[in-house]
Amino acid sequence: MDTRLLHTFTTLARTGSFTAAAVELHLAQSTVTVHIRTLERELGTRLFDRLPTGTLLTESGRRALEGAEEVLDAVARLRAGDSREGDGDGAGVVRGRVRVGTPESLCATRLPGVIAVLRAEHPEVDVELHAAGTAECVEGLRSGRLDLALVLEDEKGLSFPDVVAEPVAGEALVLVCAPGHPLATRKRAVTWAELAAESFFLLEEGCSYSDALERRLLAVPDARPRLTRFGSVDAARSCVAAGLGLTLLPLTTVAEQLREGRLARVRGPRFGDVPVRLARHGRRWTGPATEAFARELVRQSASAQ
């Protein structure tokens with residue numbers, strides 16, 4: 001069986017659209033259609049229901065998808081022989097692409113050092129970073145768009161089928177405001193009731209610690225906090241530095257602003273560290289380049305603690 005047909009099949013199953021699959025595969029839409037029809041003919045079953053809104057896997061298609069992923073996984077294992085070639089000294093040269101999903105805050109703080117070491121030790125490894133929240137990272141791992149994900153979640157927040165995760169570090173959280181904000185110089189710790197009357201600039205929904213803070217604020221009787229959500233750490237941080245309200249962010253993302261006096265800590269409730277977890281698909285094989293990235297990430301995270 002032509003593995004190109006299986007690749008087209010799994011891509012269409014993930015995107016749910018002939019048009020989107022064609023764009024991702026750099027094929028004409030008619031070619032995608034031919035691939036799927038050919039595969040359906042070879043398997044003797046209908047794989048998709050064609051709907052006005054897109055495609056939907058049939059029961060036969062769902063069963064076939066698991067087998068197709070296993071075949072493509074096996075092909076990737078065989079091809080990995082070409083991704084680790086001898087250099088004459090008995091050592092292996094690792095090459096390949098690693099697709100990593102992670103929140104923006106970790107992109108800026110945890111990953112640059114890992115990428116720098118990989119470029120020095122394995123120059124033929126390419127790292128592709130995708131800024132994404134937990135839900136998007138999990139979807140990416142399940143669909144095969146991502147090889148690894150680094151997420152800020154506790155164990156309960158990552159209880160998804162087929163996704164396994166290991167804790168690699170912890171991020172300290174800090175509540176901050178502008179130096180001129182009334183809470184900046186306050187000696188007495190602010191209460192939850194007082195916080196619930198403030199304006200907050202938080203990261204977008206799906207950020208575990210921002211969601212937890214919102215739930216706690218809204219649980220205060222007669223709470224009326226003003227909550228604004230952003231997809232960018234920099235946007236939330238800039239609004240707070242301008243004196244518009246408060247935010248809760250990992251300490252690593254505001255350490256420079258705190259040192260320079262552009263932000264100030266708010267004395268208030270204690271926030272526990274949020275775990276940093278390295279996640280991957282539990283059944284999918286990972287190649288040498290992905291393993292090299294994971295090892296270096298774990299090593300640097302351990303040495304930083």
Fill in the blank from the handout: Looking across the stretch 132-150 at residues that are among the small types (Gly, Ala, Ser) and either at pLDDT 85 or above or in a helix (DSSP H, G or I) (or both), the single one that is nearest to the chain's Cα centre (by Cα) is Ala149
Practice task
Output the residues belonging to the stretch 37-91 that are surrounded by 10 or more Cβ atoms within 10 Å (Cβ to Cβ), assigned to a loop (DSSP other than H, G, I, E, B) and modelled with pLDDT of 70 or more.
Solution key: Thr45, Arg46, Leu47, Thr58
Completion exercise
Restricted to the stretch 265-296 and to residues being hydrophobic (A, V, I, L, M, F, W, C) and surrounded by fewer than 19 Cβ atoms within 10 Å (Cβ to Cβ), the residue nearest to the chain's Cα centre (by Cα) is Trp285
Handout entry: Filter pass, Glu256 being in contact with a Ser or Thr (Cβ under 8 Å, 6 or more places away or on another chain) and charged (D, E, K, R)
Key = no
Practice task
Would you check which residues across the stretch 185-232 are loosely packed, with under 14 Cβ neighbours inside 10 Å, in contact (Cβ under 8 Å) with a residue 24 or more places away in the chain and in a helix (DSSP H, G or I) and list them?
Solution key: Trp192, Ala193
Fill in the blank from the handout: Only one of Thr247, Thr252 is modelled with pLDDT of 95 or more, outside the structural domain of Asp154 (by TED's automatic domain parsing) and among the hydroxyl-bearing types (Ser, Thr, Tyr), namely Thr247
Practice task
For the stretch 147-167, state whether one or more residues are outside the structural domain of Ala13 (by TED's automatic domain parsing), surrounded by fewer than 17 Cβ atoms within 10 Å (Cβ to Cβ) and among the aliphatic types (A, V, I, L, M).
Solution key: yes
Problem - Yes/no for Pro269 being in a loop (DSSP other than H, G, I, E, B) and at pLDDT below 95 - result: yes
Practice task
Check whether at least one residue in the stretch 290-301 is hydroxyl-bearing (Ser, Thr, Tyr), in contact (Cβ under 8 Å) with a residue 60 or more places away in the chain and over 27 Å from Glu205 (Cβ atoms), and report yes or no.
Solution key: yes
Exercise for the section: Within the stretch 157-165, identify whether any single residue is in contact with a Gly (Cβ under 9 Å, 6 or more places away or on another chain), under 24 Å from Ala241 (Cβ atoms) and not in a helix (DSSP H, G or I), and answer yes or no. Expected result: no
Problem - Residue selected from the stretch 101-116 under the condition touching a Leu at 6+ places or on another chain (Cβ under 7 Å) and of a type in the set (A, V, I, L, M), by the criterion modelled with the highest pLDDT - result: Val114
Problem - Checking Gly206 against (1) farther than 30 Å from Leu65 by Cβ; (2) in contact with a Gly (Cβ under 7 Å, 6 or more places away or on another chain); (3) not hydrophobic (A, V, I, L, M, F, W, C), the condition it does not meet - result: (1)
Fill in the blank from the handout: Within the stretch 233-254, the residues that are surrounded by fewer than 18 Cβ atoms within 10 Å (Cβ to Cβ) and of a type in the set (Val, Ile, Thr) are Thr252
Handout entry: Candidate set: the stretch 106-142, residues that are in contact with a Cys (Cβ under 9 Å, 6 or more places away or on another chain) and either small (Gly, Ala, Ser) or farther than 30 Å from Arg62 by Cα (or both); chosen: the one surrounded by the fewest Cβ atoms within 10 Å (Cβ to Cβ)
Key = Ala131
Practice task
Quick one: in the stretch 16-36, of everything that is in contact (Cβ under 8 Å) with a residue 24 or more places away in the chain and in a helix (DSSP H, G or I), which residue is surrounded by the fewest Cβ atoms within 10 Å (Cβ to Cβ)?
Solution key: Phe18
Practice task
Please determine, by comparing only the residues of the stretch 38-64 that are more than 29 Å from the chain's Cα centre (by Cα) and of a type in the set (A, V, I, L, M), which one is nearest to Asp2 (Cα to Cα).
Solution key: Leu39
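The values are calculated or read from the model by the stated rules, or taken from the named source; none is laboratory data. Because the structure is predicted, anything quoted here is derived from the model rather than measured. So basically every Cβ, Gly included, is an ideal-geometry build from the backbone, and we count neighbours across all protein chains shown.
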